[in-house]
Amino acid sequence: MEHPKSRLSEKISRSADRFTPSDYLIADYLLRAYPAGLLQNASEIAAKLNINVSTVTRFFPKIGYRNIKAATADFREDIQFLAKSPIDRFRNDDRKSPNRKDAFGKAMELDWSNIQQTFSTIDEETVSNFMDLVGDKSKAIYVLGTRKEFSLAYYFYYQIASFRDNAWLLNPGNLVDRLSRLRPDDLLVVFDFRRYSRIHAKASQYAKDIGGQMVVFADSPITPAAGLADCLFLITTTGLSAFDSYTAAVTLINALISLMIESYGKHFEAKYERLEELFKRFEVFGFQKKFSFSDS
């Protein structure tokens, strides 16, 4: 099933040659904030963009909707899309299956599109907020992701632990025990992708209830954790198969970690000096005993 956001994007693209400058503002806002923008009425959108209400009202017929209420129908489809299981998506997918040769090219095209859409929604304020939250060494960092999201949570945690000694990885097996250590102003980082685990929602609500702060990586602003976030990154996850793609999420993590190391390089250097000594002592790597890093 095609993502409802893609349908909205196509409608906008087909009509873009008739847009006024204000129309471009509206289109950009609806795509960046999808589907949350469609939860607003024309007055709210106009106030957000500092334009006339009538301009917003005229925009929707230009892209093929009767009015803003008709556009909201795509939001209802989005709810259904986000709730579907992989087997539901597999059975309802009417796209022609790619052959082996095409599959690799199409997967790369989709992932590149996911990355572009993801990065187009990120602004400097969000990145600065992230840097402040994660860079504050007085805050312990707890990272949560279950099922497939656990792979992203582990990768994020492993990278953050390169320069933070007070970072912890949560999973269902130790969730309650670890959360009992979370203090007011500590930071919970949550990866919340469809079909939205209740564990994520409960942990997020607990963190907010005790005064914790939250960074959320999600595929939609309507996820339970997203509504509680102090810092929210929205990630496009359109996949070639019945499964979503997390490539854009990994790319985003790489970019954020690069910024963190650039800003907090001294902490990174100090921790890795200790780690390298331990790597040598325990002969962790196959070539480490024979070659030193100074030889390379």
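The values are calculated or read from the model by the stated rules, or taken from the named source; none is laboratory data. If you're wondering where the values come from, they're calculated on a predicted model, not measured in any experiment. Neighbour counts are summed over all protein chains in view; Cβ atoms, including those assigned to glycine, are modelled from backbone coordinates with ideal geometry.
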(request) Could you pull out the residue among 185, 192 that is closer than 19 Å to residue 230 by Cα and crowded, with 17+ Cβ neighbours inside 10 Å? (result) 192
(message) I'd like the residue in segment 126-143 that is surrounded by fewer than 15 Cβ atoms within 10 Å (Cβ to Cβ) and of a type in the set (S, T, N, Q) and, out of all such residues, is farthest from residue 252 (Cα to Cα).
(response) 138
(request) Could you grab me the full set of residues in segment 196-242 that are of a type in the set (Lys, Arg) and under 18 Å from residue 146 (Cα atoms)? (result) 198, 202
(request) Return yes when residue 250 is at pLDDT 90 or above, within 23 Å of residue 175 (Cβ to Cβ) and of a type in the set (Val, Ile, Thr) and no when it is not. (result) no
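Okay, residues lined up against (1) crowded, with 17+ Cβ neighbours inside 10 Å; (2) in contact with a Pro (Cβ under 8 Å, 6 or more places away or on another chain):
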position	(1), (2)
197	yes, no
209	no, no
213	yes, no
225	yes, no
228	yes, no
240	yes, yes
244	yes, no
254	no, no
(message) Pairs needed: first member in segment 260-276, farther than 13 Å from residue 164 by Cα and not assigned by TED's automatic domain parsing to the domain that holds residue 163; second member anywhere, at pLDDT 80 or above and not in a helix (DSSP H, G or I); C-beta distance under 9 Å; at least 6 residues apart or different chains.
(response) none
(message) Looking at the structure I just gave you, is residue 225 in contact (Cβ under 8 Å) with a residue 12 or more places away in the chain, out of contact with any helix residue (DSSP H, G or I) (no Cβ under 8 Å at 6 or more places or on another chain) and within 18 Å of residue 153 (Cβ to Cβ)?
(response) no
(message) Tell me whether segment 202-214 contains one or more residues that are more than 14 Å from the chain's Cα centre (by Cα) and within 22 Å of residue 244 (Cβ to Cβ).
(response) yes
(message) Take the residues in segment 152-180 that are at pLDDT below 95 and part of a helix (DSSP H, G or I); name whichever of them is surrounded by the fewest Cβ atoms within 10 Å (Cβ to Cβ).
(response) 177
(request) Scan segment 187-213 and report the pairs whose first residue is in the same structural domain as residue 225 (by TED's automatic domain parsing) and acidic (Asp, Glu) and whose second residue is crowded, with 23+ Cβ neighbours inside 10 Å and assigned to a loop (DSSP other than H, G, I, E, B), with Cβ atoms within less than 6 Å and a gap of 6+ or a chain change. (result) 192/223; 192/225
(message) Exactly one condition in (1) surrounded by 15 or more Cβ atoms within 10 Å (Cβ to Cβ); (2) in a helix (DSSP H, G or I) is false for residue 34; which is it?
(response) (2)
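Does residue 257 satisfy being part of a helix (DSSP H, G or I) and either among the charged types (D, E, K, R) or modelled with pLDDT of 90 or more (or both)?
yes
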